[in-house]
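The values are calculated or read from the model by the stated rules, or taken from the named source; none is laboratory data. Computed from a predicted model, the values in this text were never measured in an experiment. So basically every Cβ, Gly included, is an ideal-geometry build from the backbone, and we count neighbours across all protein chains shown. Quick note on the areas: whole protein, heavy atoms, side chains included, nothing else; ligands and nucleic acids left out. Shrake-Rupley method; radii C 1.70, N 1.55, O 1.52, S 1.80 Å.
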Amino acid sequence: MSDPIVILTEEPLGADDRVNIQALVAGGDAPLVVLVPANTERHLLVDFLENLSLLEISKAFRELTAHSDPAGERAEAAETLALSLAALAGLGGGVSGEIVEGRAVDGLVAKVKELGAGQAVVITRPHAVADTFHTDWANKAQDKLGLPVLHLYAGSGFIGDS
C-alpha cells in the first residue's frame, strides 16, 4: 500500500477537485485523508482587503461586521467534510476524513507526521493577499514539514504558488 495523502481543504471538494486528486493518485492505492478546519482563523483586515481586491465590496463589509458562531462553523465544516468525502469516494486506497480543531496548518502537519504521509495537499479558494505574501496554508505547512506541499485552487486545475 502506498503512503497516505493528506488533504486540507476549506471548501467542499467537487468534480474538478476529484479530477485533480485522481491524477495525483494515478491509479495507485494511496489512502486519502481529508481534513477540514472547524474555524479557518482568517484575519479581518486581510479578508477585507482580499474581498476588495476581488471587487466583492458588499461581502467585504458584511464579513467585517459578522460575528463568530462556533456551532455554525463546526456544522459548516461537517457539511464540507461530508461533501468532500462523497466527491472523492472510490479513489486510491479509500477516503477518510476529520474536522480539525485549532489551527488548520498545525492539524495538517500533525496528521502528516502521524501517518507518515508521502504527500500533503492544500485546497483553497484564491486568497490574493496571503498568496502574494506567501503566508497561505500551503507555504506555512511546507515551512513546518520541510517537504513540498501541493496547493490547488478549489474547483479548478490551477496550482497555487507554494
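The table that follows gives values for the structure above.
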| read-out | value |
| --- | --- |
| Förster-model FRET efficiency, 30 Å R0, D143 and A89, C-beta, rounded to 0.05 | 0.40 |
| Exposure ranking of S58, S2, S84 by accessible area [1.4 Å probe, largest first] | S58, S2, S84 |
